[in-house]
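Notes follow the structure.
Every read-out reported here was derived from the displayed coordinates using simple, explicitly stated rules and does not represent laboratory data. Not measured: the values here are computed from a predicted model. With ideal geometry, Cβ positions are generated from the backbone for all residues, glycine too; neighbour counts draw on all protein chains shown.
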Amino acid sequence: MNPIIKNILAIIAGWLVGSVINLSLVRTGHTLIPIEGIDPNNMDDLAAALPNLGFEYFIFPFLAHAIGTLSGAIIAGLIAVNHKMKFSLAIGGLFLLGGIMVNFMLPGPVWFTITDIVIAYIPMAWIGGKIAEKISMNNRLKL
């Protein structure tokens, strides 16, 4: 397969897998720790409730952002033909932009916004890139 096409597919697949995991964890959080009287699909109600919620309501959103980014970065790094870390970090950048947008649309507590922006995206993408590089190196050594 053409390396350029494969690298484009790396970004698409990383973004898609990471997004599915992110959405699944957010929905799981709403199921396990529901916000009483709030429809989690209604952005206005959610935005009004977020500043008053306790720590426990932010566990799943953080995990969704971090694990979604990590898994997407691993997938992108594994598929990319070369510059695996750069492709993993690109996924982190995409998810970071999404995270910044969501934090403006649904402003939560400042502590969560800072933790989410600083830890959940670029560091997780870097870890994902390292994992992808290690897996790729091990596979090359076996051949």
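Two tests apply to each whole DSSP H helix in the chain, Cα reach of 24 Å or more along its axis and mean Kyte-Doolittle hydropathy of at least -0.5, and the ones passing both are 3-32, 59-79, 84-105, 122-142. With helices as the sole contributors, the chain gives -26500 deg cm²/dmol at 222 nm; each DSSP H run of n ≥ 4 counts as -39500 (n - 2.57), and the sum is divided by every residue. Non-local lysine pairs in the chain, meaning eight or more places apart or on different chains, with alpha-carbon distances under 14 Å, amount to 5.
Looking at segment 34-143, the GluC sites (Glu not before Pro) that sit in a DSSP loop and have at most 10 other Cβ atoms within 10 Å of their own Cβ are Glu36. Rounded to the nearest 20 debye, the dipole size of the chain about its Cα centre is 1080 debye, using +1 on the Cβ of Lys and Arg and -1 on the Cβ of Asp and Glu. Across segment 40-106, C-alpha contacts under 8 Å between residues 6 or more apart give a mean separation that, scaled by the residue count, equals a relative contact order of 34 percent.
Normalised by the number of residues in the chain, the average gap of Cα pairs under 8 Å and 6 or more apart makes the relative contact order 31 percent.
Modelled label positions at Lys142 and Ala47, each set 7 Å beyond Cα in the direction of Cβ, lie 4.9 nm from each other. Ordering Ile8, Met105, Ile33 by Cα displacement along the dipole of the chain toward the positive end leaves Ile8 in first place; charges were set at the Cβ atoms of Lys, Arg (+1) and Asp, Glu (-1). Across all C-alpha atoms in segment 1-141, the radius of gyration and Dmax reach 16.4, 56 Å.
With a Förster radius of 30 Å applied to the beta-carbon distance between Ile5 and Ile38, the computed FRET efficiency rounds to 0.10. Taking the Cα centre of the chain as the origin and placing charges on Cβ (Lys, Arg +1; Asp, Glu -1), which of Asn22, Asn52, Phe87 is farthest toward the positive end of the dipole? Among Asn22, Asn52, Phe87, the one farthest towards the positive end of the dipole of the chain is Phe87. Could you tell me the distance between the Cα centroids of segment 1-70 and segment 85-142, to the nearest Å? Taking the Cα centre of segment 85-142 as reference, the centre of segment 1-70 is 13 Å away.
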